[in-house]
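Written out below as structure tokens is the structure these notes cover.
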Amino acid sequence: MDELKRKTHGEPQGEGPRLEAEPLLSELHSQGHGSFVAPALDVPAVRAEDAIPSHLLRKESQGLPELSEPEVVRHFTRLSSMNYHVDKGMYPLGSCTMKYNPKLNEEVASWPGFAGLHPLSPLVGAQGALELMCLLDEALRAVTGMSQFCLHPAAGAHGELAGMMMVAAYHRDKKNEKDTVIIPDSAHGTNPASVNLAGYRVAEVKSGKNGCVSAESLRQVADERTAALMLTNPNTLGLFEEEVLELAEVLHGLDGLMYLDGANLNALLGVAKPADMGFDVVHINLHKTFSTPHGGGGPGSGPLGVNEKLRPFLPVPRVEKEGTRFVLRDHEPKSIGRIHSFYGNFAVMVKAYAYILSLGGEGLEAVSRESTLNANYLKALLAPHFELPYDRPCMHEFVLSGSRQKEAGVRTLDVAKRLLDYGFHAPTVYFPLIVDEALMIEPTETETKRELDRFAEAMQAIAEEARKTPEVVKLAPVATPVGRLDEGKAARELRLKW
Ligand SMILES: *Cc1c(COP(=O)(O)O)cnc(C)c1O
């Protein structure tokens, strides 16, 4: 850190790219550096002109770059280390559960029997894959207490949409006239989007001073038109919804359904079951809680679990065991139908199941206890330096506010960018929306005490800089390959070369 301070307190550089750019392979080319030597010919030589019709022959060399093996390896290694990733260091992105993904999961998913299986192969040759789906369903049922899972949704938001379509199917089936789904003001942005796509109107319920939804405030919003309450628990403030049983009572009294956004179950595994809290339907993100790499655009998996009330409406095809064989059921009269080609993202299921088996029940419970402990430990270290809007024991994550730093002209975005200079990925920022200048931090159970201490030191140093030299924080990042970018533009106009 001294090294960094020297660098950044010295002469802050301007905006834009600053470190040496990595040349393209074509720029690294040197004639004769080619690293491939073909073995001696053991058949008669034929000239290309004699074997290939002339109109298909290239007129001149394509100019492929020639590089030696070390040049190629170093080029790609340098590129891979420019980006931050979970294999490089702590990634405290709240709500995203960027835990370390054991390499064992990747290895198991790449076994030829899994990776080489064609989705159209006859069922007799796919029995192992179908069995794995049934076993994963069983494991998820054990974790949540639900009756059955559908593994098809490709992500959390897709699970939400399918879940809401099932809620609609349930009410249609019972001839209930419902048009509204209630969502707390702290909810993830995908929640209202899914509700709207499924044809419902969104009504908002406000969180109380303790960061939770009270049964009293729910009663003021809920009525006969309420189809469901979509709740995240622990909620996006990292707090356990204290009145969840009363909330379920209110909803069930109106024949409404309880939907759990269970994207992050990291605090519940082996400790508390959504079914016991009164939830009728839940989606889980395998790519968060059950350790599958994510954040680069997928693939993910958002299994959807339901209780007996909603079971008839599950998507098809359903995998079931008939005697000693596994079969697929396509014709279910009340099903909402297909929501994904074939059976969903199978490789992600393999990774999640490998993770579950390698940890076992006790290991999963330890995940919850340790992720909760890590979050509370880090919260205690950071509380003296940042505003803590909800000062209560948290679950697997917690939310700080950068409101004190804002007074010195340093915004949460500046703090997040400065963290990159200290070698950490930034936490989630400006979410949940109900916290001013929010910093949402989820350390996960895979970080050591040493790493948490290092992160807290960096945050403390930045809080100090915000007081003493705010201009330094506002220039960050200065130690990354590129400086502060227009983030919208970076996504829309990808430029790989300067
Ligand atoms: C990540 C997340 C989602 C959405 O999951 P995707 O897989 O990104 O679609 C929904 N709700 C919460 C609380 C989340 O953290």
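The values are calculated or read from the model by the stated rules, or taken from the named source; none is laboratory data. None of the values given here were measured: they were computed from a predicted structure. As a convention, Cβ positions derive from the backbone with ideal geometry for all residues, glycine included, and neighbour counts pool all protein chains shown. When the accessible area is computed, the model is the full protein with side chains, heavy atoms only, and any ligands, DNA or RNA have been set aside. Shrake-Rupley method; radii C 1.70, N 1.55, O 1.52, S 1.80 Å.
Subtracting the Cα-Cα distance from 0.36 nm times the residue separation, let me have the gained length for R311 to Q460 in nm, one decimal.
48.6 nm
Do any GluC sites (Glu not before Pro) in the stretch 28-114 lie in a DSSP loop with no more than 15 other beta carbon atoms within 10 Å, and if so, which?
Answer by residue number: E60.
Rank these residues by their accessible area, most exposed first, probe 1.4 Å: H118, H29.
H118, H29
How far apart, in nanometres, would the label points at E66 and L197 be if each is projected 7 angstrom from Cα along the Cα-to-Cβ direction?
Result: 5.2 nm between the two label points.
Indicate the gyration tensor shape class of the stretch 66-144 (rounded, prolate or oblate), computed on the Cα atoms with a ≥ b ≥ c the square roots of the eigenvalues: a/c under 1.5 is rounded; otherwise a/b larger than b/c is prolate and the rest oblate.
Verdict is oblate for the stretch 66-144.
Can you bin the stretch 399-498 into rounded, prolate or oblate? Criterion: square roots of the alpha carbon gyration tensor eigenvalues sorted a ≥ b ≥ c, rounded for a/c under 1.5, prolate for a/b above b/c, oblate for the rest.
rounded
At 1.4 Å probe size, with the rest of the protein present, what percent of the exposed accessible area of the stretch 90-245 is carbon and sulfur atoms?
Answer for the stretch 90-245 is 58 percent, counting heavy atoms of protein chains only.
When only Cα pairs under 8 Å and 6 or more residues apart are kept, what is the percent relative contact order across the chain?
It comes to 20 percent, rounded to a whole number.
If a/c stays under 1.5 just call it rounded; otherwise compare a/b with b/c (prolate if a/b is bigger, oblate if not). Do that for the chain, with a ≥ b ≥ c from the square roots of the Cα gyration tensor eigenvalues.
Judged from the Cα gyration tensor, the chain comes out oblate (a/c at least 1.5, b/c at or above a/b).
Please work out how much length the chain gains when fully extended from E487 to E216, using 0.36 nm per residue of separation minus the C-alpha to C-alpha distance, in nm with one decimal.
93.5 nm
Heavy atoms only, 1.4 Å probe, whole protein assembly: order R47, R325 by accessible area, highest first.
Result, largest first: R47, R325.
How much accessible area per residue does the stretch 233-332 have, in Å², with a 1.4 Å probe?
So the stretch 233-332 comes to 33 Å² accessible per residue, rounded to a whole number.
Among all the lysines, which ones have a C-alpha under 26 Å from K449's C-alpha, if same-chain residues fewer than 8 places away are not counted?
Excluding near neighbours in sequence, the set is K5, K88, K99, K103, K288, K379, K417.
For the stretch 360-481, with only Lys/Arg (+1) and Asp/Glu (-1) charged at the beta-carbon, what is the dipole magnitude about the Cα centre, in debye rounded to 20?
The dipole of the stretch 360-481 has a size of about 360 debye.
If the only charges are +1 at each Lys and Arg Cβ and -1 at each Asp and Glu Cβ, what is the size of the charge dipole of the chain around the Cα centre, to the nearest 20 debye?
Dipole size: approximately 480 debye.
Which of the lysines could a cross-linker bridge to K175, judged by Cα under 24 Å and excluding same-chain residues fewer than eight apart?
Those lysines meeting the cut-off are K309, K334.
Between E365 and L104, take the C-beta separation as r, use R0 = 25 Å, and let me know the FRET efficiency to the nearest 0.05.
0.80
What lysines could a cross-link reach from K489, if we take a straight Cα to Cα line under 16 Å and drop same-chain neighbours fewer than 8 places away?
Cα-Cα hits under 16 Å: K497.
Express the relative contact order of the stretch 360-481 as a whole percentage, based on alpha carbon pairs under 8 Å and six or more residues apart in sequence.
31 percent
Only bridges whose two residues both fall in the chain count here: according to DSSP, what percent of them are antiparallel, nearest 5?
Close to 55 percent.
For labels at L245 and S30 in the simple 7 Å Cα→Cβ model, what's the distance in nm?
Label-label distance for L245 and S30, simple model: 7.4 nm.
Have a look at the DSSP beta bridges in the stretch 103-358 and tell me what percent are antiparallel, nearest 5.
Here the share of antiparallel DSSP bridges comes out near 40 percent.
Quick one: accessible area per residue over the stretch 360-481, 1.4 Å probe, rounded to a whole number of Å²?
Heavy-atom accessible area per residue stands at 40 Å².
Take the Cβ-Cβ distance between R338 and L117 as r, set R0 to 22 Å, and report the resulting FRET efficiency rounded to the nearest 0.05.
My answer for the efficiency is 0.65.
So for the pair V124, L57, with labels modelled 7 Å out along Cα→Cβ, what separation do we get in nm?
Inter-label distance under the simple model: 5.2 nm.
Loop only per DSSP, at most 16 neighbouring Cβ atoms within 10 Å: give me the trypsin sites (Lys or Arg not before Pro) in the stretch 330-397, ordered by residue number.
Here the trypsin sites (Lys or Arg not before Pro) that fit, given the DSSP loop and packing criteria, are K334, R338.
For the stretch 33-126, state which chymotrypsin sites (Phe, Trp or Tyr not before Pro) are in a DSSP loop and have at most 13 other beta carbons lying within 10 Å of their beta carbon.
Taking the stretch 33-126 and a limit of 13 other Cβ atoms within 10 Å, the loop chymotrypsin sites (Phe, Trp or Tyr not before Pro) found are F36.
In the full protein assembly as shown, how much of H33 is accessible to a 1.4 Å probe, in Å² to the nearest 10?
Accessible area, nearest 10 Å²: 70 Å².
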